[in-house]
Every structure is written in structure tokens, then in C-alpha cells.
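Q: The structure follows.
The values are calculated or read from the model by the stated rules, or taken from the named source; none is laboratory data. Note that this is a predicted model, so its numbers are computed, not measured. Cβ sites come from the backbone with ideal geometry, for glycine too, and all protein chains shown count toward neighbours. Ligands, DNA and RNA are excluded from the accessible area calculation, which covers all protein heavy atoms including side chains. Shrake-Rupley method; radii C 1.70, N 1.55, O 1.52, S 1.80 Å.
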Amino acid sequence: MVALTGKNLARAIKEYIFITVGLFMYAFGWVGVIMQAEIVGGGVSGMSVLLYYATGGENGGIPLVLSMLAINGILIIIASFIIGFKFSAKTIYGVVLLAFAMGLLQQVIPPDMLGLGSDKLLSAILGGAMAAIGISICFTQGGSTGGTDIIAMIINKYRPVSYGRVLMTCDFLVIGLSYFIGNGISTVIYSYVVVGITGYTVDAIMAGNKQSSQLLIISKEFEKIAARVVEDANRGVTLLDGQGWYSKKPMKVLMVVCRKSETSTLFRIIKECDPEAFITVGSVMGVYGQGFDQLRTRGK
């Protein structure tokens, strides 16, 4: 258990502030832009918008806050029985805050505030980009909005299906259903544009997070650093035996493989334990195993 210090508290507060800003930006992209053009989109947000339109829309449709909380609540309950309760505080916070933000903005944003309601293509591009930037801010701080993430966790319990495939399947089904509530084929097409813009923008922003790094750390405080890496960063550490060629003295070398987005956390840990530690960082083309990608081969 990591002791609660002033630095840890300040870092946690900063992370939750960024998550809040990101989720409100995501919610505005949906409520202030995408919904103004009567476009649906994918994911749990798309499901909620679909239910809103299917139950009457502005004439008494189910509020977004209720449908989002209900859908995510059901998914969390199901996942808890299947894979156990493994949801972090940031995930629960993201689920609740996003539902609240979309419900609040749905009440306070005036109709066609940006004047883009009649331009479905521009609304799809701008709304999808804003939603993607907001959710990327949330992801970089370790946050999550639940929804498709939870569905992927449930499916991966039984089959090794990638997150991207789960997301595409859910989006395809949700957007396809929008055709049957009278939105027409054009709305379906623009909804796929939203999904494409959102996915491309998130991938562009989060590209660095999908890459991995290998750190070699030489320090007299190797035991302290290794313990902190395991406890704080939740990454494994390999201890290697080494010897300085010039000094002829034996030494210990720590090897840590992590996502590139996690290197700043490791640097902070190392600096706090030993500011004089010697560190090398290299990019890794592929990492397979627990905590990384699953190794897949063709044939037997």
C-alpha cells in the first residue's frame, strides 16, 4: 500500500481535474455538436442517444443521464459476476461523471448553439474530433468511461478478441439500429463518419501509449526502486547481475518493460529513490505476455 503523501495527493488531484475536463469536452462534443445534427454515433453514448430519439427525443425522450447510468450499471453488475469487481475508482468516477456531464449539458445547451445543426458533415467531423480529444485526455490520466471497455473485458474472459474488434462490432450494431428509428440512411452514414473521426483522432493522440519502452537501471538503491516500481507502477522488474568494466565492481541492473506513456511515472519513482541512478531507455518493437499484447501464431 502506497503511503499518502503531499505529492501523491497533489498528483491524484491533478489527474482527476484533467479527467473531469476531458469528460466534459467529450460530453460537449456529443451534446453540443453531434446531437444537434441528430447523428447517433457508437458506444454507450451512441446507445443512450439512440434510446433518447427512439423514445421521443425532445418530446419526452429518456434523458441521457438515466440511460447511460443504467447501461453502464448493468454492464458493471454483469462483469462483476463474470470477472470479479476489478474496476478502479477512476473508472467508476468516469462512468458517473460522464453521465452527469451529458445530462447537465443536455439541459443547459440551447438548440443549435453553434449553428451547425443543418451541416451534418461538419458536425460529424467537429463533434467526433472534440469527443476524441476529450476521451484521450481522460485515457492519458488513467481514466475510463466504462461502456465498451467493460464489454471487452467480459468477452475476453472467454475469447481473446481485441478491443478494437469489440468496439467496431458495438458501433456497427448501434449505428445500424438507428436506421430503424426513422433517421434515414444519411444519418447512418454520418454516424459512421463520427466513429471514423473519433477512432482516428484517438489513435493519433494515443499512438505513443501503444508503444513500449525497455529501461535498464543501475543504482545502489535497486531494491527500493524495484519495490516502488511494482507497488506504484504495477510493472514487473527483472534483476540482472552486472559488473563495471572500469571499476571491476559487481552491481545490480534492473530491467523494466512498460508502455511508453508510463515512462514518466518510472522516471519520477527512480528520481525519488536515487537522483544519481544511471538509466538507459530503448524503444521495443513488440512486447508479448501478461500486461501487454497476446502472442498469436497462425497454424498449429
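Q: Highest mean first, what order results for 144-151, 40-47, 118-125, 11-18 on Cβ atoms within 10 Å?
A: 40-47, 144-151, 118-125, 11-18
Q: Here are several values of Cα extents along the principal axes in Å: (1) 60, 59, 40; (2) 79, 54, 38; (3) 53, 48, 42. Which one was derived from the coordinates shown?
A: Calculated Cα extents along the principal axes in Å: the matching label is (2).
Q: Could you state the angle between the C-alpha long axis of helix 263-273 and the longest principal axis of the C-alpha atoms of the chain, as a value from 0 to 90 degrees rounded to the nearest 10?
A: With both axes taken from Cα atoms, the answer is about 40 degrees.
Q: Something else now. Would you mind telling me the share, in percent, of accessible area of the stretch 34-107 contributed by carbon and sulfur at probe 1.4 angstrom?
A: Ligands and nucleic acids excluded, carbon and sulfur reach 68 percent.
Q: While we're here: Would you look at the GNM of the chain, springs on alpha carbons closer than 10 Å, and say which of Lys224, Lys249, Lys157 moves the most?
A: Lys249
Q: Would you grab the residues whose amide H sits under 5 Å from the one on Met251? Only those 5+ places off in sequence or on another chain, please, with H modelled 1.01 Å from N.
A: Sorted by chain and number, the residues that satisfy this are Gly242, Gln243, Gly244.
Q: Using Cα pairs under 8 angstrom and six or more residues apart, how large is the relative contact order of the chain, in percent?
A: Normalised by residue count, the contact order of the chain is 21 percent.
Q: Using a 1.4 angstrom probe on heavy atoms only, work out the carbon and sulfur share of the accessible area of the stretch 128-257 in %.
A: 63
Q: Before I look further, what does the chain give for accessible area per residue, probe 1.4 Å, in whole square angstrom?
A: Per-residue accessible area for the chain comes out at 56 Å².
Q: Straight-line reach only, C-alpha to C-alpha below 19 angstrom: list the aspartates and glutamates that Lys252 could link to, leaving out same-chain residues fewer than 8 apart.
A: Glu221, Glu223, Asp241, Glu272, Asp274, Glu276
Q: Can you give me the distance in nm between label points at Ile185 and Ala89, each placed 7 Å from the Cα along the Cα-to-Cβ direction?
A: Distance between the two pseudo-spin positions: 5.2 nm.
Q: Test of understanding: what is the full-extension gain from Ile205 to Val21, defined as 0.36 nm times their sequence separation minus their Cα-Cα distance?
A: 64.6 nm
Q: Can I ask one more? Taking amide H positions as placed in the peptide plane 1.01 Å from N, state which residues far from Glu38 in sequence (5 or more) or on other chains have amide H under 5 Å from it.
A: Residues meeting the amide H criterion: none.
Q: Once you order the gyration tensor axes a ≥ b ≥ c over the Cα atoms, which shape class does the stretch 121-195 get: rounded for a/c under 1.5, otherwise prolate or oblate by comparing a/b with b/c?
A: The shape class here is oblate.
Q: In whole Hz, what ³J(HN,Hα) sequence does the stretch 110-125 give by Karplus (6.51, -1.76, 1.60; θ = phi - 60°), x for Gly and Pro?
A: Values per residue, Gly and Pro as x: x, x, 6, 4, 8, x, 10, x, 8, 9, 5, 5, 5, 5, 5, 5 Hz.
Q: Can you tell me the FRET efficiency between Val108 and Lys248 if r is taken as the Cβ-Cβ distance and R0 is 51 Å, rounded to the nearest 0.05?
A: My answer for the efficiency is 0.10.
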